[in-house]
Structures are given as structure tokens and as C-alpha cells.
1. Test of understanding: among Gly31, Gly45, Gly65, Gly16, which residue is surrounded by fewer than 17 Cβ atoms within 10 Å (Cβ to Cβ) and assigned to a strand (DSSP E or B)?
2. Under 8 Å between Cβ atoms, which residue pairs at least 6 apart in sequence (or on different chains) link something in segment 1-22 that is of a type in the set (Gly, Ala, Ser) with a partner that is part of a loop (DSSP other than H, G, I, E, B)?
3. For residues that are of a type outside the set (Ser, Thr, Tyr) and farther than 17 Å from Asp79 by Cα, scanning just segment 48-58, find the one that is most open to solvent (accessible area, probe 1.4 Å).
4. Please determine, by comparing only the residues of segment 103-120 that are open to solvent by 60 Å² or more (accessible area, probe 1.4 Å) and either among the basic types (Lys, Arg) or at positive phi (or both), which one is nearest to the chain's Cα centre (by Cα).
5. Please give the number of the condition Asn56 fails out of (1) under 12 Å from the mean Cα position of the chain (by Cα); (2) at pLDDT 90 or above.
6. Which members of segment 103-112 meet the condition of being farther than 16 Å from Asn62 by Cβ and assigned to a strand (DSSP E or B)?
7. What is the number of the single condition among (1) part of a strand (DSSP E or B); (2) open to solvent by 40 Å² or more (accessible area, probe 1.4 Å); (3) aliphatic (A, V, I, L, M) that Leu100 does not meet?
8. From the residues in segment 1-13 that are closer than 14 Å to Gly65 by Cβ and hydrophobic (A, V, I, L, M, F, W, C), which one is surrounded by the fewest Cβ atoms within 10 Å (Cβ to Cβ)?
Amino acid sequence: SGNIDPNANNLAKWNGVTWELFKIQFYTFQGQQYTGSYPARAVWGFDPTDVLIASNNSQVTNWNGNGQSVVTWLPVSVDKIWAANMSQVYTGGDLGQIGLFNGASWQKLESGTSLYFQDV
């Protein structure tokens, strides 16, 4: 339409022919109900129906190929994600922050550094 969309797409999925665009919703502030399609910061995919997507404000959601699951707040910032499986998910973020999902809950791990993680 030529108009700027204030809720921009933040996920693109290739279906073999064209790109499909989606708006993954993340919370504006912790503890509030308001959401927006804020920038996705990190993505890790096990397969096309099991993809983790993190926002730049410490949230992660799971994409099942057609929609997203409930958004989870992390106790750390997120810039990168790496996972062996859904019981061993690591994130790296600002000021040396490391997060671990053990299949049940997220926890903060001490890294011993205050450097920003560029990758995990």
C-alpha cells in the first residue's frame, strides 16, 4: 500500500517458491500484556517445525512452522542461540550473560567475563 507498517514483519519463511512473511509477537515490557513484532535477534532451528526465535529484549518463543508458542522471558539478554536439543539450549548476550534451558526452566550461568558474546 506504500504506507509504513508500524508492526513490521520479523520472520521470513521460504516455502520452496516464494518467501512468506510473519509477525512474531514479543511483549513490550515484562509483566504487561502488550505485544509487538519487535526485531528478532537470534534464531535456532532443529527442523522447519521446531525453531527457537529470540527477541532483543530477553524473550524467546518456539515457531512450529505455522505459528508461535507462548513467549518466555529469560533471566539474561539474548544475542545468539545454540542448542543440541530442547533440553540443552544455550544463549549468549550482553555483558557476558549466558542462559541455559534444561528442558524445564531457564537459568543464568556465570561466564566470568563482562564481554559481549558475538556467538555461542
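The values are calculated or read from the model by the stated rules, or taken from the named source; none is laboratory data. Just so it is clear, the model here is predicted, and its values are computed rather than measured. Every residue, glycine as well, gets a Cβ built from its backbone with ideal geometry; the counts of neighbours run over all protein chains shown. The protein model used for the area step is the full one, side chains on, heavy atoms only, and it has no ligands, DNA or RNA in it. Shrake-Rupley method; radii C 1.70, N 1.55, O 1.52, S 1.80 Å.
1. Details: Gly31 fails: assigned to a strand (DSSP E or B); Gly65 fails: assigned to a strand (DSSP E or B); Gly16 fails: assigned to a strand (DSSP E or B).
Only one candidate passes the filter, namely Gly45.
2. So the pair list comes out as Ala8/Lys23; Ala8/Ser37.
3. Step one: list which residues in segment 48-58 are of a type outside the set (Ser, Thr, Tyr), which gives 48, 50-54, 56-57.
Still in the running and farther than 17 Å from Asp79 by Cα: 48, 50.
On the way: Pro48: 106, Asp50: 41 Å².
Across segment 48-58, the extreme among qualifying residues is Pro48.
4. Once the filter is applied, the top-ranked residue is Lys108.
5. (2)
6. Selection gives Gln107, Lys108, Leu109.
7. Exception for Leu100: condition (2).
8. Among them, the one singled out is Ala12.
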